[in-house]
1. Going by alpha carbons, how many degrees (0 to 90, nearest 10) lie between the helix axis of 20-30 and the longest principal axis of the chain?
2. Rounded to the nearest 0.05, what FRET efficiency do residue 68 and residue 177 have when you use their Cβ-Cβ distance and R0 = 41 Å?
3. Compute the acute angle (0 to 90°) between the alpha-carbon long axis of helix 165-181 and the principal axis of greatest extent of the alpha-carbon atoms of the chain; round to the nearest 10°.
4. With the convex hull built on the Cα atoms of the stretch 165-211, state its orientation-averaged projected area in nm².
5. With contacts defined as alpha carbon pairs under 8 Å and 6 or more residues apart, what's the relative contact order of the chain in percent?
6. Cα extents of the chain along the three principal axes, largest first, in whole Å?
7. Sorting 68, 165 on the 10 Å Cβ count, fewest up front, what's the list?
8. Compute the angle between helix 49-60 and the longest alpha-carbon principal axis of the chain, please, reported from 0 to 90 degrees and rounded to the nearest 10.
């Protein structure tokens, strides 16, 4: 059986809680498809950036056609390799999907290369790209003076994920509903709110705590 945090991890855009603005944007884009898009997801740790990126990726690709990598490990050679892959659709999939985490670590030479990559029609027609970071886009990544190309930000659809009290409450309700469904609930909602706050909305930690019986004790 899957761990509790995997059983209840959002599987679709509609499953994502507390991020209504980002969800509505993605639902609108989904009507025309995610292929050919470059997404830039920002937000504090635990707000669901990587979860959303994986949902986007899975709408167009099977696991064998999804690449997830930290920006610090992204080299020019890797980008060239990804470009070569994108000359054709992967067998049985709509497109290739690339998830670049910790995107604030992108080096200027990689940014310049990616700008070139996203100018190639054969790349975009066969891929979707998601960049995730805890740092907002108003920095060197979006400054044309840093790289002698079109600003990177102009290539992306920016989604800013929130971490306010509405997000905390929505997450707490989702956690309590899961605990109730699993027969692991015995505490009021405000204790779930505290449970969510303590690890800064970390999905895995919250559900690991529930699975350990913390809400039954």
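1. Between helix and principal axis, roughly 50 degrees.
2. On the way: r = 29 Å, r/R0 = 0.70.
Rounded to the nearest 0.05, the efficiency is 0.90.
3. On a 0 to 90 degree scale, this one is about 60.
4. Details: hull surface 10.9 nm².
Computing the convex hull of the Cα atoms and averaging its projections yields 2.7 nm².
5. Numbers: 334 pairs, mean separation 60.6, N = 217.
Value for the chain: 28 percent.
6. 58, 40, 31
7. Working: 68 15, 165 11.
Fewest-to-most Cβ neighbours within 10 Å comes out as 165, 68.
8. Compared with the principal axis, the helix lies near 60 degrees.
Readers should treat all values here as calculations from the given coordinates under stated rules, not as data from a laboratory. Model, not experiment: these values are computed from the prediction. Every residue, glycine among them, receives a Cβ derived from its backbone with ideal geometry; neighbour counts consider all protein chains shown.
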